[in-house]
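Comments concern the structure below.
We did not get these values from a lab; they are worked out from the coordinates using the rules stated. If you're wondering where the values come from, they're calculated on a predicted model, not measured in any experiment. Cβ sites come from the backbone with ideal geometry, for glycine too, and all protein chains shown count toward neighbours.
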Amino acid sequence: MAKVLVVTSGKGGVGKTTSTAALGAALAQSGEKVVVVDFDVGLRNLDLIMGAERRVVFDLINVVHGVAKLSQALIRDKRLENLWLLPASQTRDKDALTDEGVERVIADLRTKFDWVLCDSPAGIERGATLAMRYADEAVIVTNPEVSSVRDADRIIGMLDSKTAKAEKGEQVKKHVLITRYDSGRAARGEMLSIDDILEILTTPLLGIIPESQDVLRASNVGSPVTLNNAASAPARAYTDAARRLNGETITMMVPVERKGFMERLLGRRAA
Amino acid sequence: MSMNFLRLLSRRPGSAPVARERLQILLAHERGLRGQPNLLGILREEILAVVSRHVMLDPEKVIVRMDRGESVSTLEVDIELPNDFDKRIAAAG
């Protein structure tokens, strides 16, 4: 039975696209057949993070409008054979998405994949509401910072009222993913702690992704961080999160960077 | 340990407790607003219906605004009438 999962946040720049790519790749590595779908029409970036930007021919809008077949628009990952990308259009805007069109494409994807991961655009407008519309589950990405937690709360409210499941009286299963977490700063009381965020959002925790140079390094080369450096702290955190999505029970912990002596001596800039 | 010692020296407590408290107050307020879906929209529609029974007006020129204060909240209704609204009523009547 396929699962449709939306990766959303409200606020921009918190790590939705990075998380979609990393979770998608981790699920695919565990043997699941996965498609990551870019809903950020007009500002697509998932293709770039996945390293497939030069292979885009048709996109989600073309499929929604019946200009291209789904099989023509899907791009197979070069590293993992059961990982696929459905890119967004770069030239159209979010109004080109129709509710019926999205419903049809999602239903089609359900028959072909185990997991459909929808990378939501920021904001609470049409693009974001359509990305979450047909989801069974949601990953709400937030940073330990006030504006991002506030927006996450708003998005949780929308997941509980504006989705197809909510309208049927059912619930979208929600998970909070905390990214860019710095355990040192949290311990010193300079950053909202995990407990603070969970108490405020009253939503179960999927994972804690530490702030790390590896995330930027992976995006530089166009590879999900879970594939680019599987041993890195953020990759291990994403892999654990993906296993939790698959129903496994794994002890929650904040993976830490393994820093060498020179790196510690020279600080962050050494990386 | 060393960090705690440094913090004692600098006498600057972390700002996270402030962040947490501000968020809790703000979200309690915002969730309350969400709980009553579109109260302002309903008020606006009903006020527009009542006034329209007596005066011709442009629905776009009806503004309903709510301000929530700590002890008192206010409801502001701003209705712009065309200059010849009474003549139009007379003509219609």
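Once phi is turned into θ = phi - 60°, what whole-Hz ³J(HN,Hα) does the Karplus curve with 6.51, -1.76 and 1.60 give for every residue of the range A:52-69, x standing for Gly and Pro?
10, 4, 8, 10, 6, 10, 10, 9, 3, 5, 4, 6, 4, 8, x, 6, 10, 7
For a quick protection proxy, order the peptides B:20-28, A:81-89, A:53-61 by their average other-Cβ count within 10 Å, most packed first.
Output ranking for B:20-28, A:81-89, A:53-61: A:81-89, A:53-61, B:20-28.
With θ set to phi - 60°, apply the Karplus curve 6.51 cos²θ - 1.76 cosθ + 1.60 along the range A:79-90 and write out the HN-Hα couplings as whole Hz, x wherever there is a Gly or Pro.
Once θ is set to phi - 60°, the couplings for the range A:79-90 become 9, 10, 6, 9, 10, 10, 10, 10, x, 8, 7, 9 Hz.
By the gyration tensor of its Cα atoms, with a ≥ b ≥ c the square roots of the eigenvalues, what is the shape of the range A:209-259: rounded for a/c under 1.5, prolate for a/b over b/c, or oblate?
Because a/c hits 1.5 or more and a/b fails to exceed b/c, the range A:209-259 counts as oblate.
Within 10 Å of each Cβ in peptide A:138-148, how many partner chain Cβ atoms are there on average? Round it to a whole number, please.
1
Report, by chain and number, residues whose modeled amide H sits under 5 Å from the one on residue A:37, excluding near sequence neighbours (fewer than 5 apart, same chain).
A:86, A:117, A:118, A:119
On the principal axes of its Cα set, how long, how wide and how thick is the range A:1-101? Give whole Å, largest value first.
35, 32, 31
Would you pull out the residues with amide H under 5 Å of residue A:223's amide H, same chain only if 5 or more places away, H placed 1.01 Å from N?
Answer set, sorted by chain and number: none.
Antiparallel versus total DSSP beta bridges in the range A:1-115: what percent is that, nearest 5?
Percent antiparallel among DSSP bridges in the range A:1-115 is about 25.
Please give the calculated 222 nm ellipticity per residue for chain A, where each DSSP H segment of at least 4 residues contributes -39500 (n - 2.57) and the sum is spread over every residue; nearest 500 deg cm²/dmol?
Rounded to the nearest 500, the figure is -11000 deg cm²/dmol.
What are the ³J(HN,Hα) couplings of the range B:39-52, residue after residue, when phi is run through the Karplus curve with 6.51, -1.76, 1.60 and θ = phi - 60°? Round to Hz, x for glycine and proline.
Result, ordered by residue: 4, 5, x, 5, 4, 4, 4, 6, 5, 4, 5, 5, 5, 5 Hz.
Could you tell me the center-to-center distance, by alpha carbons, between the range A:109-132 and the range A:1-60 in angstrom?
Answer, in whole Å: 9.
At 7 Å along the Cα-to-beta-carbon direction for both residue A:170 and residue B:40, put a label point, then send me their distance in nm to one decimal.
Taking the two extended label points, one gets 3.5 nm.
Under a Cβ-only charge scheme (Lys and Arg +1, Asp and Glu -1), can you give me the dipole magnitude of chain A about the Cα centre, in debye to the nearest 20?
Once rounded to the nearest 20, the dipole reads 640 debye.
Explain nothing, just the number: dipole magnitude of the range A:1-117 about its Cα centre with +1 on each Lys and Arg Cβ and -1 on each Asp and Glu Cβ, in debye rounded to the nearest 20.
In total the dipole reaches around 280 debye.
Using the per-residue mean of other Cβ atoms lying within 10 Å as a proxy for protection, in what order, highest first, do the peptides A:108-120, A:169-181, B:73-85 fall?
Listed from highest to lowest mean packing, they are A:108-120, A:169-181, B:73-85.
For chain A, what's the relative contact order in percent, using C-alpha pairs closer than 8 Å and at least 6 residues apart?
Dividing the mean separation by the residue count of chain A yields 24 percent.
Among A:204, A:172, A:156, flag the residue with its Cα farthest along the positive direction of the charge dipole of the range A:118-250, charges on Cβ as +1 for Lys/Arg and -1 for Asp/Glu.
Positive-end residue among those listed: A:172.
Taking Cα atoms of chain A, Rg/Rh with Kirkwood Rh, to two decimals?
For chain A, the value is 0.96.
If you split all Cα-Cα distances of the range A:59-150 into 5 Å bins from zero, what percentages do you get per bin, shortest first?
2, 11, 22, 24, 18, 12, 7, 3, 0
Rounded to the nearest 5, what % of DSSP beta bridges with both residues in chain A are antiparallel?
5
Do the alpha carbons of any pairs in A:16/A:78; A:33/A:94; A:78/A:165 sit beyond 30 Å of each other, and which pairs?
Violating the 30 Å limit, Cα to Cα: A:78/A:165.
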